[in-house]
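A short reminder: the numbers here are calculations on the coordinates, not readings from a lab. It should be emphasised that the depicted structure is a prediction, and the values quoted were computed from it without experimental measurement. With ideal geometry, Cβ positions are generated from the backbone for all residues, glycine too; neighbour counts draw on all protein chains shown.
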């Protein structure tokens, strides 16, 4: 893994300012995807800005009947929350259908949105991948094309 | 991608060290780690706590499972520097002196392992999993995901323990070992 600096901001504007100063930096939530990609050499941030304890880990009821989910809410808490289970069961079931109990305990809601594709070629530096290296080609078109994700 | 070190206080080769404190199996430790150090490597290589095992090192096998601030988590994907002050329990710290934890005794009495490499992770995952079930957390196979209480049948245990792989395939005894503790 390439060396990197580690920072924790006091507040959200501070975290944004830190990232602005570190153009090759990345926000760190639970790290379940980012740390893995860093081990593989796919992600090479020079600074990690830890926002896990900075953003909300609460699920709030809103006046219009909806909920606001904090970026630091772990996947496991979100899936188990009674409001989500009763009012948004697809969200709960989708979370429980992915990863494992140990991963869901670490993974955050915000991090989930920033998760990169699970495509095997994206994670393999020895193969071309347009997403990892724009213009290098897409190995998936003629290759193994299961376990992809829609986003990322 | 050949990027220069940042922040500027990085040492030779861009390596950045950070001082952290961890509580492991009840004992406090202060140590300086390279920011790249995972909790698993901090435990095994720096503190000599070798019960969490390095299997895949990519979050897929569960051999490195510990309780991190009371919840089961993969120590191979957690950066030590991001868990300053964390309370960690490993399989080595579950026992009360010479008195083994009920989950440890159940794994022995059910012969729930062969080579034993995945066992500390299996046991820590099972302990964390039972807490989650007690809290009423549903799983992907729960018949009624809205139910307040969880009935841990074999299918529930297998699903909830799916993050722990056993290359010896001792699952046929692991599931009954966990079920036995769950019934108590």
Residue list for region B:108-165, restricted to those being in contact with a strand residue (DSSP E or B) (Cβ under 9 Å, 6 or more places away or on another chain) and assigned to a loop (DSSP other than H, G, I, E, B): B:163, B:164
If you go through region A:56-82, how many residues are more than 14 Å from chain B (Cβ to nearest Cβ) and either in contact with a helix residue (DSSP H, G or I) (Cβ under 8 Å, 6 or more places away or on another chain) or in a loop (DSSP other than H, G, I, E, B) (or both)? 13
How many residues are in contact with a helix residue (DSSP H, G or I) (Cβ under 6 Å, 6 or more places away or on another chain) and either within 14 Å of residue B:38 (Cβ to Cβ) or within 11 Å of chain B (Cβ to nearest Cβ) (or both) when one looks only at region A:1-27? 5
